[in-house]
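A short write-up of the structure that comes next.
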Ligand code: SF4
Ligand code: SF4
């Protein structure tokens, strides 16, 4: 018996898709559309740790102002009352600041997890949460590889909270609040393609300043929040072991096999039922 | 509906009411040890549920931002539904493989399965932060078709319906509705086939829920084969539950069971333990393959590794050997022991994936609060109450009325 990776599901999946669509399921659409997502590039070499982004985020979303500040060795976390935090890391080149928030994945785990599409990847790029749809199951939290969505455990009418890239401001033609107010120009807003080109340019023009990697270009299938760093990313608290394929791809095999089971099982069961029927009066006891 | 229901004693409305009211009254003694323990816990649980809806989920649970699913999902839903798997296995044996000798346990198993879904999947509502939106994926305010949870939720719903249809002839017999009974009995096979298909998918779907939590679950318990493992283990989880539940109901409700069925029950237990041996063997074999495939040797000598070995050897291999030995030697007591160990093993396995191994490396571990445990127990006790109520009234263990005998 040989078990190849996913071969079982894949076989079922292809059969299922064939049954349902009459042809093989098309592969994911290539990157054309994906690259035009709006995105934010964060350059940690330019960040001065002033927390202006935190304050302007709190103001834009009516949240309490932050009361603590980045401190070396302390990992502050986003929670239901703050959607972005700036942390300070002690690295091989000294202190480095890092802003964290939702990564706005191209193919987000939270969105694939959500059974009501309350978590939704807009065609513009931001991943947003919609109050009128969410049932508070918290499956998005279980699935997000960056632990981004937070839940208001102490409210009878709880919300899921996370950065939405100021989607409502973008709709009015404004910049996300953090980008607009950053005094160090550490944040840049644009299309994902432009920003990746810009990040590449910065790396190639100043190879001694930057670590040669854009975090978010390929991680988790690519994200709309892109990071530049002066040091390897594990030094500033990033999970560099994160898979390159998107997280929803982990469940695709299973989901594709569903239609196949739905078609094949009943036929098979009926077949067995029919085959065993004749013997029934004679053999009382099968065991 | 009304014209198909004919009440045994009289056709008048009044007597129908009397019949219902009479059936609502508790039967049997009030002061049994079970009642004395369960009533306070159910009341306490009810109080806690009120607090939970008033002050939020955080007021009675220990859930955190990192561990958003705890005991209520990991035990009530994921484990409870595995135990309810007996219904699809037994209906498969009786209606698809035509193993007539298992007929006598079909109704009680289906009833058990149905109630388990109602209560344990129902416990999901307690865990939903915004339960008033639970109808959204049904009415189409967002069809999250790429979501495994969407699939599982729909399947729960449809499967409850299938089980209700499978069980409905018993209800019709209770009400003395002859025509309805005939129609409903005719729907059984379709419901069974539909139900088995749904079960295959959502038993594995419960495992598939955790596929995206790749980095969060200890590698010894995470693999892309979780869905298959969950499905195979639901077979022996369900059957051990049937064995366990059967040995209890045969004691408690012995007055309802005919002499013939009592005798047959031992034969049934032996047959079931044979199936359990096979399923446990397949499961163990799969686990070994998955383990070898993922090259996790280094983890074995860590505390989590010892725990993993305990699960595999003590709760899979051991009960498999016990089942094998006991059906060869016709040892009914040992069959019951094996079923209890198997059930413990299923609990251990499901909790390892959903709670113990989930964020096992987090700084602050999630440990369920006593209140979460009380609510869980309250849910289980309520289910048993309803189960007892039904058994005492409907022809589940007891023979069907004579008019219904030749209908199915
Ligand atoms: S980082 Fe998490 S919450 Fe943000 S889009 Fe990706 S999966 Fe969703
Ligand atoms: S908690 Fe809300 S947003 Fe998150 S998966 Fe559930 S329904 Fe979707």
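The values are calculated or read from the model by the stated rules, or taken from the named source; none is laboratory data. Computed from a predicted model, the values in this text were never measured in an experiment. Neighbour counts are summed over all protein chains in view; Cβ atoms, including those assigned to glycine, are modelled from backbone coordinates with ideal geometry.
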**OP:** From A:217, A:205, grab the single residue that is more than 12 Å from every other protein chain (Cβ to nearest Cβ) and over 30 Å from residue A:249 (Cα atoms).
**Re:** A:205
Subject >> Failed item, numbered, when residue A:116 is tested on (1) in contact with a helix residue (DSSP H, G or I) (Cβ under 7 Å, 6 or more places away or on another chain); (2) within 30 Å of residue B:366 (Cα to Cα); (3) without any contact (Cβ under 8 Å) to a residue 60 or more places away in the chain; (4) within 11 Å of ligand 1 (Cβ to nearest atom) >> reply: (4)
**OP:** Say whether the condition of being under 23 Å from residue B:243 (Cα atoms) and in contact (Cβ under 8 Å) with a residue 40 or more places away in the chain is met by at least one residue in the range B:362-377.
**Re:** yes
Original post:
For residue B:113, all conditions in the list (1) assigned to a helix (DSSP H, G or I); (2) under 30 Å from residue A:275 (Cβ atoms); (3) within 14 Å of chain A (Cβ to nearest Cβ) hold save one; what is the number of the exception?
Top reply: (3)
Subject >> Residues that are crowded, with 21+ Cβ neighbours inside 10 Å and within 14 Å of ligand 2 (Cβ to nearest atom), drawn from the range A:145-157 >> reply: A:148, A:149, A:150, A:151
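Residue by residue, here is whether (1) assigned to a helix (DSSP H, G or I); (2) more than 14 Å from residue A:44 (Cα to Cα); (3) within 16 Å of ligand 2 (Cβ to nearest atom) holds:
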site: A:173; (1), (2), (3): no, yes, no
site: A:226; (1), (2), (3): no, no, no
site: A:239; (1), (2), (3): no, yes, no
site: A:246; (1), (2), (3): no, yes, no
site: A:254; (1), (2), (3): yes, yes, no
site: A:258; (1), (2), (3): yes, yes, no
site: A:266; (1), (2), (3): yes, yes, no
site: A:272; (1), (2), (3): yes, yes, no
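Taking the criterion of being surrounded by 18 or more Cβ atoms within 10 Å (Cβ to Cβ) and under 30 Å from residue B:101 (Cα atoms), would at least one residue in the range B:216-224 satisfy it? Before the answer, list the steps.
So in the range B:216-224, the residues surrounded by 18 or more Cβ atoms within 10 Å (Cβ to Cβ) come out as B:216-218, B:220-224.
Those still in the list that are under 30 Å from residue B:101 (Cα atoms) too: none.
No: zero hits.
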Original post:
Any idea which of A:142, A:96, A:127 is surrounded by 21 or more Cβ atoms within 10 Å (Cβ to Cβ), within 12 Å of ligand 2 (Cβ to nearest atom) and more than 7 Å from chain B (Cβ to nearest Cβ)?
Top reply: A:127
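Of the residues A:109, A:199, A:113, which single one is surrounded by 17 or more Cβ atoms within 10 Å (Cβ to Cβ), away from ligand 2 (no atom under 16 Å from the Cβ) and at pLDDT 95 or above?
Result of the check over A:109, A:199, A:113: A:199.
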Subject >> Sole exception among (1) within 13 Å of another protein chain (Cβ to nearest Cβ); (2) modelled with pLDDT under 90 for residue B:150, by number >> reply: (2)
Subject >> Qualifying positions in the range B:137-151 - assigned to a helix (DSSP H, G or I) and either within 14 Å of residue A:108 (Cα to Cα) or within 16 Å of ligand 1 (Cβ to nearest atom) (or both) >> reply: B:148, B:149
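Check the range A:156-163 and report whether any residue there is within 11 Å of ligand 1 (Cβ to nearest atom), at pLDDT 95 or above and not in a strand (DSSP E or B). Walk me through how you get there before you give the answer.
First pass over the range A:156-163, keeping only residues within 11 Å of ligand 1 (Cβ to nearest atom): A:160-163.
Then drop every residue that is not at pLDDT 95 or above, which leaves A:160-163.
From the residues that got through so far, the ones that are not in a strand (DSSP E or B) too are A:162-163.
The answer is yes; a qualifying residue exists.
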Original post:
Can you name every residue in the range A:74-90 that is more than 16 Å from ligand 2 (Cβ to nearest atom), surrounded by 16 or more Cβ atoms within 10 Å (Cβ to Cβ) and more than 17 Å from the chain's Cα centre (by Cα)?
Top reply: A:76, A:82, A:85, A:86, A:87, A:88, A:89
**OP:** Output the number of the condition that residue B:95 fails; it satisfies all remaining conditions of (1) within 13 Å of chain A (Cβ to nearest Cβ); (2) under 9 Å from the mean Cα position of the chain (by Cα).
**Re:** (2)
Subject >> Selection from the range A:184-211 of residues that are part of a loop (DSSP other than H, G, I, E, B) and either within 27 Å of residue A:138 (Cα to Cα) or in contact with a helix residue (DSSP H, G or I) (Cβ under 6 Å, 6 or more places away or on another chain) (or both) >> reply: A:210
**OP:** Go through the residues of the range A:177-193 one by one and say whether even a single one is within 13 Å of ligand 2 (Cβ to nearest atom), modelled with pLDDT of 95 or more and touching a strand residue (DSSP E or B) at 6+ places or on another chain (Cβ under 9 Å).
**Re:** no
**OP:** Say whether the condition of being within 12 Å of another protein chain (Cβ to nearest Cβ), more than 13 Å from ligand 1 (Cβ to nearest atom) and modelled with pLDDT of 95 or more is met by at least one residue in the range A:221-236.
**Re:** no
Original post:
Is it the case that the range A:57-73 has a residue that's surrounded by 20 or more Cβ atoms within 10 Å (Cβ to Cβ) and in contact with a helix residue (DSSP H, G or I) (Cβ under 8 Å, 6 or more places away or on another chain)?
Top reply: yes
Subject >> Sole exception among (1) at pLDDT 95 or above; (2) within 16 Å of ligand 1 (Cβ to nearest atom) for residue A:58, by number >> reply: (2)
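Given the options A:198, A:168, A:185, A:194, name the one that is within 21 Å of residue A:111 (Cβ to Cβ), away from ligand 1 (no atom under 16 Å from the Cβ) and more than 8 Å from chain B (Cβ to nearest Cβ).
On the way: A:198 fails: within 21 Å of residue A:111 (Cβ to Cβ); A:185 fails: within 21 Å of residue A:111 (Cβ to Cβ); A:194 fails: within 21 Å of residue A:111 (Cβ to Cβ).
Of A:198, A:168, A:185, A:194, the one residue that is within 21 Å of residue A:111 (Cβ to Cβ), away from ligand 1 (no atom under 16 Å from the Cβ) and more than 8 Å from chain B (Cβ to nearest Cβ) is A:168.
Among the listed residues A:257, A:246, which satisfies the condition of being farther than 18 Å from residue A:100 by Cα, touching a strand residue (DSSP E or B) at 6+ places or on another chain (Cβ under 8 Å) and within 14 Å of another protein chain (Cβ to nearest Cβ)? Outline the logic, then answer.
Details: A:257 fails: touching a strand residue (DSSP E or B) at 6+ places or on another chain (Cβ under 8 Å).
Step by step, each of A:257, A:246 is checked, and only A:246 is farther than 18 Å from residue A:100 by Cα, touching a strand residue (DSSP E or B) at 6+ places or on another chain (Cβ under 8 Å) and within 14 Å of another protein chain (Cβ to nearest Cβ).
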**OP:** Please go through the range B:251-273 and pick out each residue that is surrounded by fewer than 17 Cβ atoms within 10 Å (Cβ to Cβ), part of a helix (DSSP H, G or I) and either in contact (Cβ under 8 Å) with a residue 12 or more places away in the chain or more than 14 Å from chain A (Cβ to nearest Cβ) (or both).
**Re:** B:251, B:252, B:254, B:255, B:256, B:259, B:262, B:266, B:267
Subject >> Criterion: touching a helix residue (DSSP H, G or I) at 6+ places or on another chain (Cβ under 8 Å) and modelled with pLDDT under 80 - qualifying residue of B:70, B:28, B:74, B:45 >> reply: B:28
Original post:
Going by the conditions given, is residue B:248 in a helix (DSSP H, G or I), closer than 30 Å to residue B:23 by Cα and under 18 Å from the mean Cα position of the chain (by Cα)?
Top reply: yes
Subject >> Where residue A:157 falls short, out of the listed (1) within 14 Å of another protein chain (Cβ to nearest Cβ); (2) more than 21 Å from the chain's Cα centre (by Cα); (3) at positive phi >> reply: (3)
